[in-house]
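The values are calculated or read from the model by the stated rules, or taken from the named source; none is laboratory data. Predicted model only: the values in this text are computed from it and were never measured. Reconstructed Cβ throughout: ideal geometry from the backbone, glycine too, with neighbour counts over all protein chains shown.
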Amino acid sequence: MELIQEISRPPLVYMNGVPLIKYFAEAIAPLQNFQALPDDVLISTYPKSGTTWVSEILDMIYHDDDLEKCQRAPIYVRVPFLEFQCPGLPSGVLRLKDTPAPRLLKTHLPLALLPQSLLDQKVKVVYVARNAKDVTVSYYNFHQMAKVHPDPGTWNSFLEEFMDGKVSYGSWYQHVQEWWELSHTHPILYLFYEDMKENPKREIRKILQFVGRSVPEETVDLIAQHTSFKEMKKNPLANYSTVLSDFMDHTISPFMRKGIAGDWKSTFTVAQNERFDTHYADKMAGCDLPFRWQI
Ligand code: A3P
């Protein structure tokens, strides 16, 4: 219990100008020695953009579309989280030691903190981006339930912190743009959460092609069915209910919360939305990323 109290809500720590959850910040220096393998696939996202969803899709693809094999462990074991570190829990790097190749890895790191070996080895990346308003609302709810984050305060103050890039992993605007830029020179499949919601099978086919797999159409149907929000919400190996409630309290807000595009409308006030739009136009000026606020 004492350990848990120590873990609870430490202030963010800055690494190379990027604010991070304290324990993750402590993992960054040793992580720079991480040796990527050329057949690794990295799932990269800003938090709350569909990481778990695309992880489940890729794990299924990598395990012969066999549902039983996907039941072998929780998603955070099947797809190790590179920078994860927290007192009393195995780190992402430790979990990787038991992960056979070809490996799936997860990160939320901006490029300034990414281990160089991933770039040197030209590791394939599946990047998922989600519209900033839905990310903010999802992140706010996640802060309330996941206690490694600082207390998010009121919705209005959290929104301001998000816009200023003063939340864990820093600026959403920079994250989506720098990974987009990198996709012009590095093998990155850049996906959008809204597209996945609109037509999951189309996006699953893109992922299959990117990782060089070919499966019959009924297998695409099976993957889409198994990774639907409805299925993942009730799957204890995908919905994070196996994590101790001291770390993630699903009674405050479930990890699998709503799983829709456009939910921000139920949280943003008209004034907050106007202010956000003005700030957004400035931050994203000159960027050709086609985000959609709803589908
Ligand atoms: P909401 O909080 O808006 O519901 P991440 O995995 O990157 O942390 O993202 C979590 C967000 O993705 C949550 O959003 C969660 O509900 C949503 N999500 C997870 N699995 C999903 C799925 N299969 N379909 C749609 N949304 C999903």
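So, in region 230-249, how many residues would count as being within 12 Å of the ligand (Cβ to nearest atom) and in contact with a helix residue (DSSP H, G or I) (Cβ under 9 Å, 6 or more places away or on another chain)?
7
Restricting attention to region 187-224, and to residues there that are assigned to a loop (DSSP other than H, G, I, E, B) and of a type in the set (A, V, I, L, M), which single residue is nearest to Leu289 (Cα to Cα)?
Only one residue fits best here, namely Val211.
Got at least one residue in region 232-247 being over 30 Å from Arg9 (Cα atoms) and either assigned to a loop (DSSP other than H, G, I, E, B) or at pLDDT 95 or above (or both)?
The answer is no, given that none of the residues of region 232-247 is over 30 Å from Arg9 (Cα atoms) and either assigned to a loop (DSSP other than H, G, I, E, B) or at pLDDT 95 or above (or both).
Just checking, how many residues over region 130-186 are touching a helix residue (DSSP H, G or I) at 6+ places or on another chain (Cβ under 6 Å), hydroxyl-bearing (Ser, Thr, Tyr) and under 21 Å from Gly286 (Cβ atoms)?
Residues meeting the conditions: 1.
Gln174: more than 14 Å from the ligand (Cβ to nearest atom), at pLDDT 95 or above and surrounded by 17 or more Cβ atoms within 10 Å (Cβ to Cβ), yes or no?
It is true that Gln174 is more than 14 Å from the ligand (Cβ to nearest atom), at pLDDT 95 or above and surrounded by 17 or more Cβ atoms within 10 Å (Cβ to Cβ).
Do we find a residue being surrounded by fewer than 18 Cβ atoms within 10 Å (Cβ to Cβ), without any contact (Cβ under 8 Å) to a residue 60 or more places away in the chain, more than 16 Å from the ligand (Cβ to nearest atom) and basic (Lys, Arg) anywhere in region 207-225?
no
Pick from region 44-59 the residues that are more than 9 Å from the ligand (Cβ to nearest atom) and over 8 Å from the mean Cα position of the chain (by Cα): which of them is surrounded by the most Cβ atoms within 10 Å (Cβ to Cβ)?
Among those residues, the one meeting the criterion is Leu58.
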